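These notes are about the structure you will find just below.
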Amino acid sequence: MEVKLDWDKLEEVVERAVRKARTEELKDVAEALKMLAEYVKTGFEATNKSLEGLLKAVEELRKAVDEMRKTYDERFKSHEEQLKKIEVTLGSIGRGRDLEKMMLEIFREALERRGIEPGRVEKLTLEGEEGVRLEIDVYIHDGRAYLIEVKSRAELAHVEWFRHRARLAAEALAKQGKKVERLILVAVHVDEEALVRARQLGIDVIYGNVLS
């Protein structure tokens, strides 16, 4: 918002008042008015300049926010497309070890950031209660074990079952002098309640999407 005044007209009026002043007192008053007018003019110009700078900064900020929103929308759309491709691929593979290997490969980058080489994840077979055989994926490095559960969609029951098997695996590995370092759940989709529960249990979750 710019305030416009006819400064030439104002200065003309002040100059005329100075010239017509008959006494020293009036001249002093007129000079004071002239100085005041110049001061006010400078102040208005400075204020308008500041407002122009502020409005320019606001406009630049608005453009930056619009660009960020556009970038976010594009990334979100790309993320959704990738998830759909993963779902189609997993659907064609079905279930079993091939599915697990595919999932680990999909999330390779996230696993490697945690110090895990997907290609070296092995299947550990355990004997549970009443002689029931249980299987769990494990990655062992420098005497430390990372237990991994792979699901296309992780639900609350999967989290609880993973914790149970992880406890048995930890006991078996301890007998071999190996310590379980971390539990990791890998899923394309994870139910919100399952994610909350996993975090409560200290399970690290790598996922593509949260289902509420």
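Here, each number is a calculation from the coordinates, and none is a lab measurement. Just so it is clear, the structure is predicted and the values come from calculations on it, not from any experiment. Here Cβ is always computed from backbone atoms with ideal geometry, including for glycine, and neighbour counts include all displayed protein chains.
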Ranked output for segments 148-160, 108-120, 196-208 by mean other Cβ atoms within 10 Å, highest leading, reads 148-160, 196-208, 108-120
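Hey, fewest Cβ within 10 Å first, where do Met68, Met103 land in order? Kindly include the intermediate steps, with their values, before the conclusion.
Values: Met68 10, Met103 23.
By the 10 Å Cβ count, ascending: Met68, Met103.
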